[in-house]
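Input: a single structure, listed below in structure tokens.
The values are calculated or read from the model by the stated rules, or taken from the named source; none is laboratory data. Please read all numbers here as calculations on a predicted model, not as lab measurements. Heads up, the Cβs are rebuilt from the backbone with ideal geometry, glycines too, and the neighbour counts pull from every protein chain shown. SASA here: full protein model, heavy atoms, side chains in, ligands and nucleic acids out. Shrake-Rupley method; radii C 1.70, N 1.55, O 1.52, S 1.80 Å.
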Amino acid sequence: KAFTEEQEALVVKSWNSMKKNAGELGLKLFLRVFEIAPTAKKLFSFLKDSDVPLEQNPKLKPHAMTVFVMTCESAVQLRKAGKVTLRESNLRDLGATHFKYGVADEHFEVTKYALLETIKEAIPEMWSLEMKNAWGEAYDQLAAAIKTEMNPPS
Ligand code: HEM
Ligand code: ISQ
């Protein structure tokens, strides 16, 4: 499935209007994921061993933004190269990390749903089916790339 220039533009345009609130949105994304899948909290080392409330965890915001930023980058790469082009080593590390912490396919589904809902609520006036599909496709391709590297380390 080809990723079009229009789709890239939809992702980049909406991200540009969201990124000033990136920390806030990232936090919302996390909370939404844990609302749907409370047990996913246990996957994150910095949440498992922490006494401070989730919203005050200093590691959360920078961490939470990565999914937004990387999905946006994925959209740009998909249009330019037709595939997700993280550096080979980075992709391998990402796969290894997610494998190590026990991330499952269902977690990727929940996170996709939460990501799309978070964007919709952040920019209701910009939201459209086309935008949903563009972010969804960029996320799917990125997730697929990570999953292919989710194997026991060799
Ligand atoms: C760590 C990105 C999906 C759970 C990370 C890191 C990045 C990242 C950049 C940091 C890697 C490192 O520290 O070496 C992404 C992207 C995703 C995705 C782009 C989807 C396209 C998921 C999903 C889950 C998940 C679906 C489960 C709900 C984790 C966990 C860690 C992690 C548990 C390790 C946190 C720790 O250090 O304790 N992810 N992730 N990720 N991610 Fe994801
Ligand atoms: C998965 N990996 C890294 C960061 C995340 C933030 C929110 C939801 C899922 C995530």
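In the chain, the DSSP-assigned H stretches of four residues or longer account for a calculated mean residue ellipticity at 222 nm of -22500 deg cm²/dmol, using -39500 (n - 2.57) per stretch and the full residue count as denominator. Taking max minus min of the alpha-carbon positions on each principal axis, segment 1-149 gives extents of 45, 36, 23 Å, largest first. Computed from phi, the 3J(HN,Hα) profile of segment 110-117 under the Karplus parametrisation 6.51, -1.76, 1.60 (θ = phi - 60°) reads 4, 5, 4, 4, 5, 4, 5, 5 Hz, with x in place of Gly and Pro. Taking 19 Å as the limit for the C-alpha separation, the pairs LYS42/LYS100; LYS28/LYS61; LYS20/LYS120; LYS48/LYS147; LYS20/LYS61; LYS13/LYS80 exceed it in the case of LYS48/LYS147.
Ignoring the sites themselves, what is the longest stretch of the chain with no trypsin sites (Lys or Arg not before Pro) in a DSSP loop and at most 13 other beta-carbon atoms within 10 Å? Of all site-free stretches, the longest is 88-154.
Using only Cα atoms, what Kirkwood radius does segment 41-99 have, in angstroms?
13.4 Å
Just to confirm a number: summing +1 for Lys and Arg and -1 for Asp and Glu over residues other than GLU8 whose beta-carbon lies under 13 angstrom from that of GLU8, what do you get? Around GLU8, the charge tally is -2. Going through segment 29-128, which chymotrypsin sites (Phe, Trp or Tyr not before Pro) have at most 14 other Cβ atoms within 10 Å and a DSSP loop state? Answer by residue number: TYR101. Along the axis of the charge dipole computed for segment 25-154 (Cβ charges of +1 for Lys and Arg, -1 for Asp and Glu, origin at the Cα centre), the listed residues LEU25, ASN57, THR85 are led at the positive end by THR85. Applying 1/(1 + (r/R0)^6) with R0 = 41 Å to the Cβ-Cβ distance of TYR113 and ARG87, what FRET efficiency is obtained, to the nearest 0.05? Between TYR113 and ARG87 the formula returns 0.90. Here the translational diffusion coefficient of segment 24-67 follows from Stokes-Einstein with Rh set to the Kirkwood radius across Cα pairs; for 4 °C and 1.567 mPa s it amounts to 124 µm²/s. Between ALA104 and GLU35, the C-beta separation translates, for a Förster distance of 22 Å, into a calculated FRET efficiency of about 0.80. Counting only protein heavy atoms and a probe of 1.4 Å, the accessible surface of segment 108-154 is 53% carbon and sulfur.
The mean accessible area for residues of the chain, using a 1.4 Å probe and ignoring ligands and nucleic acids, is 58 Å² per residue.
The translational diffusion coefficient of segment 1-44, from Stokes-Einstein at 37 °C and 0.692 mPa s with a Kirkwood hydrodynamic radius over alpha carbon pairs, comes to 262 µm²/s. Considering only protein heavy atoms and a 1.4 Å probe, what is the carbon-and-sulfur percentage of the accessible area of segment 1-55? Heavy-atom surface of segment 1-55 belonging to carbon and sulfur, 1.4 Å probe: 53 percent.
Evaluating 6.51 cos²θ - 1.76 cosθ + 1.60 at θ = phi - 60° for every residue in segment 32-42, the Karplus couplings come out as 5, 4, 6, 5, 7, 10, x, 5, 5, 4, 5 Hz, glycine and proline recorded as x.
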